[in-house]
1. Among ILE550, ILE451, rank each residue by its count of other Cβ atoms within 10 Å, from fewest to most, as a rough exposure measure.
2. Between VAL182 and residues 5 or more places away or on another chain, which pairs have amide H atoms under 5 Å apart, with H built 1.01 Å from N, and which residues are they?
3. Roughly what would the spin-label model give for TRP545 and ILE162, points 7 Å off Cα along C-beta, in nm?
4. Of SER100, SER15, how do they rank once you tally other Cβ atoms within 10 Å and put the fewest first?
5. In whole Hz and in residue order, list the ³J(HN,Hα) couplings for the stretch 345-353 that follow from phi through the Karplus curve 6.51 cos²θ - 1.76 cosθ + 1.60, θ = phi - 60°; x for Gly and Pro.
6. Where does each of ASP485, ASP166 land when they are ranked from fewest to most other beta-carbon atoms within 10 angstrom?
Amino acid sequence: MNIIEASGLGKRYGSTWALRECTLAIPAGHVAALVGPNGAGKTTLLNLAVGLADPSTGGIAVLGGLPAGSPAALDGIAFVAQGTPLYESLSAADMLHLTSNLNRRFDRHYAETRLGELGIPLGRRAGKLSGGQQAQLALTLALARRPRLLVLDEPVAMLDPIARHDFMATVLTAMAEEGVSVVLSSHVPGRAGAGGRLPHPAVAGPGAGGRRGRRPARQPPHADRPHDRGRQVRRAAGGARPARRGADPPAGPGRRGRPGPAGLGGAPGRPGGTRDGLPARARRRGAARPIPRPGRSALGGDAMTTMTMPARPEHGAGLRPVPWRRMTWVTWRQHRIALGGVAVFLGALAVWLWLAGLQLRHAYAAAIACHPAGPAACQNLIAAFQSTNVLLKGGFVLQPVPALIGAFAGPLVLACEFETGTFRYAWTQGFGRGRWTLAKLVLLGAAVAAIAGAFSVLVSWYYQPYLAPGRLYSPTSPLLHWLFDLRGVAFAAWTLAAFTMGALAGVLIRRVVPAIAATLAGYAGLAVLAGAVLRANYQPASHFWPVQGIEGGGLLALSLLLIAATVWLVRRRAA
């Protein structure tokens, strides 16, 4: 079975090819390394394999024929992206719980034990950890999922030699003990592995269908012959030390002590014994070691290639579905600050409105009780009522509230993920990025609409004296657009519409501040259209609740359409 198999694979961004005509087959139970300069197409290939991008041409399958990015594929693949993106505001314990909620399988005991051995405090925020600790945390989260395939994109680029050694020792230990297949990339030949070297590095030139659109190297001639498999990929300068004597029997065909490599489109090597080659730290833990082989130094080739070495076969595991309810904790933990900010903002307005409302009602009661209305004393009471809380009169100061809530809560759902790169973590979990997006938008949208609905009850209470029989304020029609959308279901519907506009702007623009500006502009245009055009001829005033239902239903339908568009873009648009 091939753990990754691609045929004629290509990815184009606009008119630029990031990867073109890539054909490869990596057998299960191997460690494959992609080595080459920046722009060689390594990250693009890995993003296609884990489902973060869709191919422009050709196709790619994983785990024995599963479509890349499918739920079954995501369940068996763990991805550590370049830069190890983590939610910096969450603690290490929160990251464990978050990953557990997003996957069918998660070994919490293993993860906590390993972090304890590494000296990483569970209560410390990820953003406060060192670069090496963040890399180890990301790797622990990936391995605790018990994946069949571990994909690492430039995993040690930012680490010092000691941290790099420890990181790769853990990877190779998992390969040897758990039978995990590993695919990793590096732009520095001979420095992706433990102790600063790849056990069997592969060399990639500036091609590989890179940014200049060169094609990847084709299978070397006679690569299917057993005695030539070891020559498919040349070693980089400064190769690994020769295998020590007394090692286990040869691991593959060809020369003694070599695992069989598999290049792009090349034949897979044969698995075999692995004892010598892992760092001493991993060997002390009882892990098997791949046998390094000597090799001649060579300059980079003309394309990206791969080299594999054997690991133990995969083992099956029972699966259980990931319930939707798990996203409740995930959403709350990630967005509790935003939701708390909305609640505090509306709570402060509510307190102000309540105090002002008490004063307004006292003035209204005094004016309405004065009889007859003609005497100067009664006129003074009426004037006092009409001059009470001038700032709130007409509702103009409250008109921007739905827009502000939506503009500052909506874009944070997705634009922040793109800015920080954490979407590479969240969207490669077993829950799936489409379900992840839908669950978050529904839960957050419902919470925002509920908070806004509760606030609108207080707004209706405040403006009731202006609209009551025997009213003393003019104009007083309940259909006036500067009061209409602050009362009833309209306020919550407008707030929900603004929130979904912000979410859509976030996935389109992928930057928080520009997405906020776009949300405010879009909301203003829609409000002007609804207030000055659609609602201008609503008559008579007795149609208030039917019109509320029509407008609220229309805004709800628009919000659902925006949510559907956002989910579709997240699922279809290349990362």
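Since every read-out is calculated from the coordinates, none of them should be taken as a lab result. If you're wondering where the values come from, they're calculated on a predicted model, not measured in any experiment. Cβ atoms come from the backbone with ideal geometry, glycine included; neighbour counts cover every protein chain shown.
1. ILE550, ILE451
2. Result for VAL182 returns HIS30, VAL31, ALA32, LEU150.
3. 7.3 nm
4. SER15, SER100
5. Coupling constants for the stretch 345-353: 4, 5, x, 5, 5, 5, 4, 4, 5 Hz.
6. ASP166, ASP485
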